[in-house]
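The values are calculated or read from the model by the stated rules, or taken from the named source; none is laboratory data. In this text, all values refer to a predicted model and were calculated from it rather than measured experimentally. Reconstructed Cβ throughout: ideal geometry from the backbone, glycine too, with neighbour counts over all protein chains shown. The protein model used for the area step is the full one, side chains on, heavy atoms only, and it has no ligands, DNA or RNA in it. Shrake-Rupley method; radii C 1.70, N 1.55, O 1.52, S 1.80 Å.
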Amino acid sequence: MISMGFFGKLRLALTAMVALSKNIVDPWAQQAFQWAMDGWGIRRITRRAHHTPEGRRLLTERPILRLDPAALATLPEGTLGRFLADWFRTWSIAPFAPRRTPDGALEYFVDRLFFTHDVWHALVGLGTDLRNELRFLGVLLSQYHSGSAVLALAFGWFKVPAQYGWKAFFVVPLEVWRFYRWGQTCKELCFVPWEAYLDQPLEHLRADFLASDRPRIGEWQSWPTARIALPPLLTTPGPLDDGLTAS
């Protein structure tokens, strides 16, 4: 990644942008975009890892998060792993799978943050439809500096009117900002050993890692007293009208 050079990263970013313009949640376009754009921000995460016990553990042990939906589905109801299994099935997506051995600490965290992307999604309860993806990018940016997230926000925002109307076009930036501010008050998610928590109660993890004053907008009016529920099972892949609902 480091040896790509400026023009190599620029070419990779442009190629990924073309793919993301067609599908903002294309996983490998997202990863290519991250490789090209996030070196500076993730380099800061790598340096900070040396100053926290959790970060030092990740640097020493280099665990790889491998999410097997079939295995996760056997975990008890209410656990993080079981919720993730339902999450992948409901949203018609597959977990990101490792495809290389990271070369050094920087590449390890580049991959680490990519593979834990959907765990963060499930933890904060934001789906993968366009509007909730943009809200989620606000949370992601609150945790670490990501050039790819900034550009994805810009491109995604201009696609909002086609799906949600012009009112949403002006409202979404405020939603993203509120989730960004909220994410700043949550605990640091970059160094959480999610591998060790897959069999733990999801609501306990939310209480441990997330701030209690979650934005109450749209379908989130009842947070945090109500459990976040998955949307109805999708029969065909595609964005929902406005993401998850609270029950």
Sorted by chain and then number, the residues having a modelled amide H within less than 5 Å of the amide H of residue 79, at least 5 places away or on another chain, are 202
Log entry: pair-distance distribution for segment 126-221, C-alpha pairs binned every 10 Å from zero, whole % per bin is 15, 45, 31, 10, 0
Please report how far the C-alpha centroid of segment 194-218 lies from that of segment 94-148, rounded to the nearest whole angstrom. 16
Solvent exposure, largest accessible area first (probe 1.4 Å, DNA, RNA and ligands not counted), of 51, 121, 204, 145: 51, 204, 145, 121
Just reorder 43, 82, 135, 11 by solvent-accessible area, largest first, 1.4 Å probe, all chains present. 11, 43, 82, 135
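Which order do peptides 171-184, 88-101 fall in by mean Cβ count within 10 Å, highest first?
On the way: 171-184: 17.6, 88-101: 14.5.
For the peptides 171-184, 88-101, the packing ranking is 171-184, 88-101.
Carbon and sulfur atoms: what percent of the 1.4 Å accessible area of segment 21-93 do they account for? Present the calculation step by step, with values, prior to reporting the outcome.
Details: 2060 of 3750 Å².
Of the solvent-accessible surface of segment 21-93, carbon and sulfur hold 55 percent.
For segment 56-171, what mean projected area does the convex hull of the alpha carbons give, in nm²?
8.8
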